[in-house]
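Written below as structure tokens is the structure these notes are about.
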Amino acid sequence: MDETFWTRWTLTDRPLYAVVDWWKLFETAQTRNVKKATWFACPNKLEGKGRRILLRRENGEQLPCAFIHTLEIASLCPVRGILADKHGPLDAYDLADKSHVSPATFEDMLSAVSHVPLTWLRRFETACTDSTLSAVYECIGYIEKAPKSGVNSRTSVEAYTLAKRLLDSLDRKPITSTSKTWAPWIQRLLNKDVKPEEIARAIDWLAGPNKTNNASFAVQCGRSLFEKWDRIIPIMARGGAHPLAKPSPRATFERYLNEIILETKKRPRDERESYLSSCEDKYRDVPRIGGRTVVQRARVVLQQSEAI
């Protein structure tokens, strides 16, 4: 669906209905990547409380069938889960025309399932404002509020921006690689609650200090970045290049060890021993490695180099 879909509506005075959590309840891994679906996944739960509430209403036997027809129509709409076509929102008469069921049945069903206690559908009174459209996409479970030109609607613009940043950082760009093929992998990192600034910092590190060290860590595509992410962060943290990441105990130990040795060597030889003794309390919270404190290890290193 292109970004002009909403602006082509001519029937803007109608309420808009959206299926709550459509992309969670009625989509699978196979259907999410299909542009035009020929089938949809529908739960077969028959003993639910909501269905019993629906059946107790007048003409209740017809309402579950009307709701299933509504789901079928929603699966064929330009944005699956949103009851609207290129002309605008669908009402009970539109649903009746598509399914050959009485409009009165659809009116009863829409009223029943869009109010407490069911709320299987959500009704939006104003369909064409930016704030309403944002709420509609959130209702059906889209990651991104609205699709952009050339951008998959389930991949955020932020992921495309980061993918382009990664692509631009490579010296040799693979011929078949584009932001469009890399962005879904970066979106997976964002879905794992990885902050965008962390990904941006990692990309800068890969193109900067990593390249300075003869590119010891190679990342050639978005998939590579996703699969190697858990290995990249500890390496960056070890060198202090990623302050948002938590360094390992050994990395913390080595950093303070180098700090103590450097500060000790700056002092006169006769003051070094007393300085090391004063460090015992200052660095007592640093994790031990090999059963030794960081100060004990620093004293051994300095004695081996005859610095004390």
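Cross-link check: pairs LYS36/LYS98; LYS228/LYS265; LYS45/LYS195; LYS192/LYS282; LYS24/LYS195; LYS45/LYS98 evaluated at a Cα-Cα cut-off of 29 Å; pairs beyond the cut-off: LYS228/LYS265; LYS45/LYS195; LYS192/LYS282. Close amide H contacts of ASP85 (hydrogens built in the peptide plane, cut-off under 5 Å, sequence separation of 5 or more or a different chain): LEU90. What net charge is computed for the residues neighbouring ILE289, neighbours being all others with C-beta under 10 Å from the C-beta of ILE289, Lys and Arg scored +1, Asp and Glu -1? Once positives and negatives cancel, what remains is +3. Counted residue by residue at 0.36 nm each, then reduced by the alpha carbon distance between them, the extension gain from LEU46 to HIS87 reaches 11.3 nm.
Might you report the magnitude of the Cβ-based charge dipole of the stretch 249-304 about its Cα centre, with Lys and Arg at +1 and Asp and Glu at -1, to the nearest 20 debye?
Numbers: 13 positive and 9 negative charges, 39 e Å.
Here the size comes out at about 180 debye.
Apply the a/c threshold of 1.5 to the C-alpha gyration tensor of the stretch 249-304 and tell me whether it is rounded, prolate or oblate. Prolate, because a/c is 1.5 or more and a/b exceeds b/c.
Per-residue 3J(HN,Hα) values for the stretch 98-105, derived from phi via the Karplus relation 6.51 cos²θ - 1.76 cosθ + 1.60 with θ = phi - 60°, read 7, 10, 6, 10, 4, x, 4, 5 Hz in sequence order (x marks Gly and Pro).
Read the figures in this text as sums done on the coordinates, not as results from a lab. Since the structure is predicted, the reported quantities are computational estimates derived from the model, not experimental observations. Cβ coordinates were reconstructed from backbone atoms using ideal geometry, including for glycine residues, and neighbour counts include every protein chain displayed.
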